[in-house]
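The values are calculated or read from the model by the stated rules, or taken from the named source; none is laboratory data. As the structure is a computational prediction, the values presented were derived from the model and not from experiment. Don't worry about glycine lacking a Cβ; one is built from the backbone with ideal geometry, like all the others, and counts go over all protein chains shown. Just the protein is used for accessible areas: all its heavy atoms, side chains included, with ligands, DNA and RNA removed. Shrake-Rupley method; radii C 1.70, N 1.55, O 1.52, S 1.80 Å.
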Amino acid sequence: MRKIAPVLVIASAALLAAGVHAAPANSGDDMDKLLADKGLLAQIGQVRQNVSNKASELVVNAMGFLGVPYKRGGNNVETGFDCSGFVRAIYEQSVGLLLPRRAEQQAAATQRIEKNELQPGDLVFFNTMRRAFSHVGIYVGDGKFIHSPKPGAEVRVESMGVSYWQRRFDGARRVQAPGAALPETERTAAQPVSQAAAVRAPEIQAAQTAAQPLAAGLQAQQLQELYRR
């Protein structure tokens with residue numbers, strides 16, 4: 001798993017807490033210069049103050065993967081990411097929540113919100129393949145989102161105001177905290193790994209109980225055939 005340089009995390013967190021934009025060129029701040037040289041200062045500075053600690057941590061973590069190449073089916077920094085693999089990895093690493101693998105599944109497993117309700121850490125979906133929810137990214141604030149866009153590109157921050165994304169915007173979603181109510185069909189889709197296993201346990205047990213009479217009948221039949229021989 002890719003690790004973010006400690007100095008970058010500290011600087012990013014400081015910028016998030018202060019809710020500032022890019023520093024003036026004459027600030028003389030060495031840390032600002034370092035971030036500016038990396039092309040990150042303007043992007044990180046867009047994230048606003050009125051977000052929860054977890055959302056701030058998630059966005060800073062996501063920023064640490066800028067430049068990782070796109071890879072269809074990829075879900076880690078070693079192989080690269082596709083759009084939904086990137087979102088899934090960030091949520092699992094940052095808040096321990098395992099989202100579904102595909103973009104449309106992530107849309108189905110999360111809470112619908114209005115575009116004007118977007119906060120950093122929310123998910124934004126786009127129709128880029130002539131089907132609903134075919135692309136997903138993470139909203140970072142100020143009308144911008146971070147995503148893994150397409151083959152030949154890298155994880156990057158873009159403006160939702162660009163005409164391409166405006167025309168293809170497909171809706172916004174909020175990932176529910178563990179234990180929050182979801183529609184009945186979605187309750188097991190976005191659970192912490194351990195909770196998802198616990199939810200499935202009663203179903204597995206019920207299936208095993210239902211299968212016992214069938215197994216017993218098959219065993220008796222096999223014994224009868226054995227004696228006939």
Problem set entry | Pairs where the first residue, in the stretch 123-134, is farther than 15 Å from A109 by Cβ and the second is surrounded by fewer than 22 Cβ atoms within 10 Å (Cβ to Cβ) and of a type in the set (V, I, T), C-beta under 9 Å, 6+ apart | S134/T128
Exercise. G85 versus (1) modelled with pLDDT of 95 or more; (2) open to solvent by 10 Å² or more (accessible area, probe 1.4 Å): which is the lone unmet condition?
Worked result: (2)
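Scan the stretch 95-109 for residues that are open to solvent by 10 Å² or more (accessible area, probe 1.4 Å) and either of a type outside the set (V, I, T) or modelled with pLDDT of 95 or more (or both) and jot them down.
Result: G96, L98, P100, R101, R102, E104, Q105, A108.
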Seminar exercise, completed: Just one listed residue, out of G171, G143, G179, is over 17 Å from the mean Cα position of the chain (by Cα), modelled with pLDDT of 85 or more and of a type outside the set (S, T, Y), and it is G143
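Every residue in the stretch 76-91 that is acidic (D, E) and either in a strand (DSSP E or B) or more than 12 Å from the chain's Cα centre (by Cα) (or both), please.
E78, the sole residue that qualifies.
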Exercise. Residues in the stretch 92-103: is at least one over 16 Å from the mean Cα position of the chain (by Cα), of a type in the set (S, T, Y) and not in a loop (DSSP other than H, G, I, E, B)?
Worked result: no
Problem set entry | Count - residues of the stretch 115-151 that are among the polar types (S, T, N, Q) and open to solvent by 30 Å² or more (accessible area, probe 1.4 Å) | 4
Exercise. Can you find a residue in the stretch 54-75 that is open to solvent by 20 Å² or more (accessible area, probe 1.4 Å), over 16 Å from V157 (Cα atoms), of a type outside the set (G, A, S) and in a helix (DSSP H, G or I)?
Worked result: yes
